[in-house]
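Trainee: Have a look at this one before I ask anything.
The values are calculated or read from the model by the stated rules, or taken from the named source; none is laboratory data. This is a predicted model, so every value here is computed, not measured. Backbone-built Cβ (ideal geometry, glycine too); neighbour counts: all protein chains shown.
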Amino acid sequence: MKRLKIEALAKSVPEMRVSNDDLAEFIETSDEWISQRTGIKTRRVSLGDNTSDLCAKAAEELLSKTSTEASEIDLIIVATMTPDSATPSTAAIVQGKIGAKNAVAFDISAACSGFVYALVTAASMLDSKHAKKALVIGGEVLSKSLDWSDRTTCVLFGDGAAGALINCDFDGDSALLGYSLKSFGEDSDKLSCQKTLPLAKFPPESNKKTATPFEMDGRAVYNFTTKIVPTVIKAAVEDSGLGLDQIDRFVLHQANARIIKVIAKKLHQPLEKFPENISEYGNTSGASIPLLLSELSEQKELVRGETMLLCGFGGGLCAGACVIRY
Ligand code: ACO
């Protein structure tokens, strides 16, 4: 168990909403296909803002909501699979943008599990001596990496950023109670984005870009998810010392409404315990869990003392779940 309090949650999403019908105007798809297979109705698409811009806006809001000076932040972790660049990290760019001059900043690359991986990493680093306050943010501009002529992937994703300001120096019993993180590198070819290739010849033939767009074997990822995720959730709950019935809310990565239903059924838990906002935002990868949490917080749904399970899954392939007392 790690003492950890989520002091505030905030989100930053692009203004532009793109509906399924909007997509059907330029690719062969339909609102019916997308809604029935995934539950997605609209998604946000960023024009102009990169991942660090969205993350920095969410970070500024976290500071303002908690009346925290940027200089008080000791740690910034950004979970993203669509960083602005390979280096500097998106977290470092956010640090510069918000002026958090005392923070250490780095990214975590774990696709849709990224926020859970980042939260567990931050919890492990937070103690009263080295670091007290951290910004843990999930942010994606997937639209820049999608192949907009590939209907099997481009209809599924959306852009956005959201995060939490967490603190280990507080009164009360908020905590990270337990977790389970799993990686399955043997299936790394099932989902990839911005894959780069080494030079084939030297001197090089040309300077053309070699990064590939987003590619996914959707059916394989679906099968992985519905099989592995329930076991990872059970392992995290066991690690927390609680039982599944003691979890008040299951905040799952928003990849597909069908997946959430299957997981709820496999865990013998009522679907009402599984909040969703996928219809509004699509799959925002590393941003999806904090985006849902921040909306629940805006709606005053979250109750101090409640027990929540957060679970992400996706590219790697990987999955991660953690149990927190809010
Ligand atoms: N519009 C219309 N038809 C389409 C579209 C589309 N956008 N996309 C595919 N189709 C067609 C296919 O071509 C296929 O046609 P065919 O039968 O004539 O060959 C048919 O629809 C069925 O395609 P499937 O791929 O079998 O559809 P499926 O029911 O598996 O749904 C989906 C696809 C939604 C991608 C599903 O497999 C899924 O949700 N997978 C998991 C994705 C996931 O969880 N990702 C999480 C991680 S993401 C991350 O880490 C970033």
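Results for (1) surrounded by 14 or more Cβ atoms within 10 Å (Cβ to Cβ); (2) modelled with pLDDT of 95 or more; (3) hydroxyl-bearing (S, T, Y); (4) touching a Gly at 6+ places or on another chain (Cβ under 9 Å), shown as yes or no for each residue.
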site: F157; (1), (2), (3), (4): yes, yes, no, yes
site: A161; (1), (2), (3), (4): yes, yes, no, yes
site: C168; (1), (2), (3), (4): yes, no, no, no
site: L176; (1), (2), (3), (4): yes, yes, no, no
site: S183; (1), (2), (3), (4): yes, yes, yes, yes
site: C193; (1), (2), (3), (4): yes, no, no, yes
site: K201; (1), (2), (3), (4): no, no, no, no
site: K209; (1), (2), (3), (4): no, no, no, no
site: G218; (1), (2), (3), (4): yes, no, no, no
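Trainee: Right, next: Does any residue in the range 21-34 that is in the same structural domain as L146 (by TED's automatic domain parsing) and small (G, A, S) come within less than 6 Å, Cβ to Cβ, of a residue that is within 8 Å of the ligand (Cβ to nearest atom) and at pLDDT 95 or above six or more places away or on a different chain, and which pairs are these?
Mentor: Correct list of pairs: A24/S30.
Trainee: Test each condition in (1) within 15 Å of the ligand (Cβ to nearest atom); (2) among the hydroxyl-bearing types (S, T, Y); (3) free of Cβ contacts under 8 Å to residues at least 40 places away in the same chain for T225 and report the one that comes out false.
Mentor: Of everything listed in (1) within 15 Å of the ligand (Cβ to nearest atom); (2) among the hydroxyl-bearing types (S, T, Y); (3) free of Cβ contacts under 8 Å to residues at least 40 places away in the same chain, T225 misses just condition (3).
Trainee: Please verify whether V251 is touching a Ser or Thr at 6+ places or on another chain (Cβ under 8 Å), within 16 Å of the ligand (Cβ to nearest atom) and either touching a residue at least 40 places away in the same chain (Cβ under 8 Å) or not assigned by TED's automatic domain parsing to the domain that holds A123 (or both), treating the condition exactly as stated.
Mentor: On the way: touching a Ser or Thr at 6+ places or on another chain (Cβ under 8 Å): no; within 16 Å of the ligand (Cβ to nearest atom): yes; either touching a residue at least 40 places away in the same chain (Cβ under 8 Å) or not assigned by TED's automatic domain parsing to the domain that holds A123 (or both): yes.
When the stated conditions are applied, V251 does not pass them.
Trainee: Return the total of residues in the range 12-46 being within 15 Å of N283 (Cβ to Cβ), in contact with an Asp or Glu (Cβ under 8 Å, 6 or more places away or on another chain) and within 11 Å of the ligand (Cβ to nearest atom).
Mentor: Selection size over the range 12-46: 2.
Trainee: Among the residues of the range 293-304, are any among the hydroxyl-bearing types (S, T, Y) and more than 21 Å from I137 (Cα to Cα)?
Mentor: Applying the first criterion (among the hydroxyl-bearing types (S, T, Y)) to the range 293-304 yields 294, 297.
Filter once more, keeping what is more than 21 Å from I137 (Cα to Cα): none.
Checking the range 293-304: not a single residue is among the hydroxyl-bearing types (S, T, Y) and more than 21 Å from I137 (Cα to Cα).
Trainee: Additional query: Just need a number here: residues in the range 2-31 that are touching a strand residue (DSSP E or B) at 6+ places or on another chain (Cβ under 8 Å), within 16 Å of G158 (Cβ to Cβ) and in a loop (DSSP other than H, G, I, E, B). Talk me through it step by step, then tell me what you get.
Mentor: Within the range 2-31, the first condition is being touching a strand residue (DSSP E or B) at 6+ places or on another chain (Cβ under 8 Å), and the residues that meet it are 2-20, 31.
Keeping just the survivors that are within 16 Å of G158 (Cβ to Cβ) gives 11-20, 31.
Those left that are additionally in a loop (DSSP other than H, G, I, E, B): 13-16.
Matching residues across the range 2-31 total 4.
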